[in-house]
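This report concerns only the one structure given below.
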Amino acid sequence: MPRREGRAASLPNGGAYVLRPTPPGARARAAPNGAEIRAPASPLPDLSLRALQYATSLELDDPATLASRLYCFNACPASPMARQRWPGVESVAAFLELERYDSASHLAVHTSGSWQGWSVRGARRRRSEPRFKLYVSPRAEWVVEVLREVVPRLAEFRALECKVGRDLHGLLRPDKLMVYFRTLAALRSAARRWERALAGVPAQGVPFSADLGAHGLLSWGMDPPDLRRGAARRGPPLSWRTWVTRRLADALVAAKRSPVARAAPVQFAVDRVGLDGVDTRRWAPSSRLRRTSVFG
């Protein structure tokens, strides 16, 4: 699980977030300018704020580059030991025992780039509907154990599909395993059952996602509806964290460039995406956003 700091972390403009371990039941955390951001007892809100702190410290003024840094925050480094253990796709596939799931008649296997996925046969969703996404974020060495629990139960838990990173960087990224659902109710039901089954698995943690168990192993987001048509549908659709980190990056750059900005860049960015429909206490889609599916 991500290490939580026990000190005040200074921001470039003199503000600070106090990143102390949150005791059970505690809900308040200090923020710049005396504001208060309330959050559940979970490592993920602090992890997300540290990602914003890091992005601000880079002094980048290109929103696309900044969004990428935010998106990739909390990936584990590709150490020499990791490169030796998982040098390519074949070694990762062998480690994850991916072949053991090929014979499941209720699943269709597919690969795309650095991902391998399994779709539940007969499960359908209209492109105009949002997708609810469950992030399962164990440490890399635990992914094989988690797959043994998750993949065989996709149909039973009413999932649409899931995918896992199938190369070194896929294993090391925080959002290495994702399960998709048509409804939030189905996602929450599955998460409760997997939380019990995966108790004790060490978490890596996905920034800008909403924790479901206060440990960082299971969290969720909502992908926007895919409203693209024709040739515009080439390439992957917009994801929850891609949308959030792009909006945050735009706001950070705007705040840095403004000569009359009254709020610290991090606070400005948090407030900005809050107006866009993100519940920044938990980094979840707000009830309004879930209801309207209107992503700015």
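The numbers here are math on the coordinates, done by the rules we state, and not lab data. Treat the numbers as computed from the prediction; the structure is a model and nothing was measured. A quick note on method: Cβ atoms are made from the backbone with ideal geometry, for glycine too, and the neighbour counts reach across all protein chains shown.
Summing Lys, Arg as +1 and Asp, Glu as -1, what charge do residues with Cβ under 11 Å from the Cβ of ALA55 carry, ALA55 excluded? Value of the local net charge: +2. Just flag the GluC sites (Glu not before Pro) in segment 146-203 sitting in loop per DSSP whose Cβ has no more than 15 other Cβ atoms within 10 Å. Within segment 146-203, the qualifying GluC sites (Glu not before Pro) (loop, at most 15 other Cβ atoms within 10 Å) are GLU156. Annotation: amide H-H contacts under 5 Å for PHE208 (H modelled 1.01 Å from N, sequence separation of 5 or more, or interchain): SER48. When LEU44, LEU60, LEU96 are arranged by Cβ crowding within 10 Å, least crowded first, meaning fewest neighbours, the order is LEU60, LEU96, LEU44. Scanning residues 5 or more positions from GLU161 or on other chains, those with amide H under 5 Å from its amide H are VAL120, TYR180, with H placed 1.01 Å from N in the peptide plane. Ranked by how many other Cβ atoms sit within 10 Å of their own Cβ, fewest first, the residues LYS256, LYS133 fall in the order LYS256, LYS133. Cβ-to-Cβ counts within 10 Å put TYR101, TYR135 in ascending order as TYR101, TYR135, the fewest first.
For segment 47-147, GluC sites (Glu not before Pro) are listed when DSSP marks them as loop and at most 13 other Cβ atoms sit within 10 Å of their Cβ; the list is GLU59, GLU97. Counting Lys and Arg as +1 and Asp and Glu as -1 over every other residue whose Cβ lies under 10 Å from the Cβ of TRP220, the net charge comes to +2. Taking Lys and Arg as +1 and Asp and Glu as -1, the other residues whose beta-carbon sits under 13 Å from that of ARG257 total -3. Quick check: the distance between the Cα centres of segment 134-200 and segment 236-273, to the nearest angstrom? Going from one Cα centre to the other spans 29 Å.
Here segment 80-204 has an Rg and Dmax of 14.2, 44 Å, counting Cα atoms alone.
Summarising the amide proton neighbourhood of ARG131: residues at separation of 5 or more, or on other chains, whose placed amide H is nearer than 5 Å comprise ASP223. In this simple spin-label model, placing a label point 7 Å from the Cα along the Cα-to-Cβ direction at both GLU195 and VAL294 gives a separation of 3.2 nm. When only alpha carbons are used to place a centre, segment 81-126 and segment 51-79 end up 28 Å from one another. Report the residues of segment 156-171 in range of a label on VAL89: point 7 Å along Cα→C-beta, backbone N strictly under 18 Å from it. Correct set: 163-171.
For segment 72-133, the equivalent ellipsoid derived from the Cα gyration tensor has semi-axes of 29, 19, 8 Å, listed largest first.
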